[in-house]
Amino acid sequence: MKDDKIRRRRGAQLEDAILDAAWDELVEQGYPGLTLEGVAKRADTSRPVLHRRWPSRTALATAALGRHLAQNPIVVPDLGSVREELRLLLRGLSDRARPDMIRLLFDMQKDLADKHSNLAEMRAHLRAQIVDSDVMQPILRRAIDRGEIAAARLTPRIISLPTDLARHEILMTFKPLSDEAIKEIVDEVFLPLVSPRDQRSSS
């Protein structure tokens, strides 16, 4: 009966069950306690089934994290102000970065290094996994249309600066971003770099 059940679940249905089980294991056991055997048992499937899709616990944890992020997107509506939209984005990023998720990233670093990878490559992989993961682009397009920022000043490094600084602060402190930190990132670092020259000179 169990083998029949395993055969009946295929494709997305089976993958969803496995990733649900993997995320539950990560929440309960943490990354050090994550095993393919434990996930297979919780998902009511077999280890070879997992191994065909995710050959290591690092790959499985990355996939489970990507699915969790995709299911909990950060939504930033048009607020009529790039300042307010960026503050909302960073607050959403901070609220989603729970302490257990931060610990997960730290615990994964050794396995990533053993595979000649790192958190930056993992982030790039997650970005490729998640549809509409980059909420910065619509914020910036609206800001350009309003004349709040100068498109010519937007380089890839500057575009990623607010979220990079937010992630660094969270990883270094293991705490949510304070309102003051968000204000400093947006008002004192990012906006002065991208504001049109006439606004910069008049401020």
Open item on the list: Taking 30 Å as R0, compute the FRET efficiency from the Cβ-Cβ separation of Ile144 and Ala124 and round it to 0.05.
Closed with: 0.75
Task: Where the Cα pairs of the chain fall when distances are cut into 10 Å bins, in % - done: 8, 30, 29, 18, 11, 4, 1, 0
- [ ] About the Cα centre of the chain, how large is the charge dipole given +1 on each Lys and Arg Cβ and -1 on each Asp and Glu Cβ? Please answer in debye to the nearest 20.
- [x] 680 debye
- [ ] Sticking with the crude label model, points 7 Å out along Cα→Cβ, report the distance from Asp187 to Thr35 in nm, one decimal please.
- [x] 5.3 nm
Task: Signed unit charges on C-beta, dipole axis of the chain, positive-most listed residue Thr35, Leu65, Ser46 - done: Ser46
Task: Contact order normalised by residue count of the chain, Cα under 8 Å, 6+ apart, percent - done: 21 percent
Open item on the list: Run lengths n ≥ 4 of DSSP H only: what is the helix-derived mean residue ellipticity at 222 nm for the chain, with -39500 (n - 2.57) per run over all residues, to the nearest 500?
Closed with: -21000 deg cm²/dmol
Task: Under Karplus coefficients 6.51, -1.76 and 1.60, residue-wise ³J(HN,Hα) of segment 164-177 in Hz, glycine/proline x - done: 5, 5, 5, 4, 4, 4, 5, 5, 7, 9, 6, 10, x, 5
Task: Simple label model, 7 Å out from Cα along Cβ direction - Glu28 to Asp114, nm - done: 2.4 nm
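None of the figures in this text is laboratory data; all of them are computed from the coordinates on show. All values derive from a computational prediction rather than experimental measurement. So basically every Cβ, Gly included, is an ideal-geometry build from the backbone, and we count neighbours across all protein chains shown.
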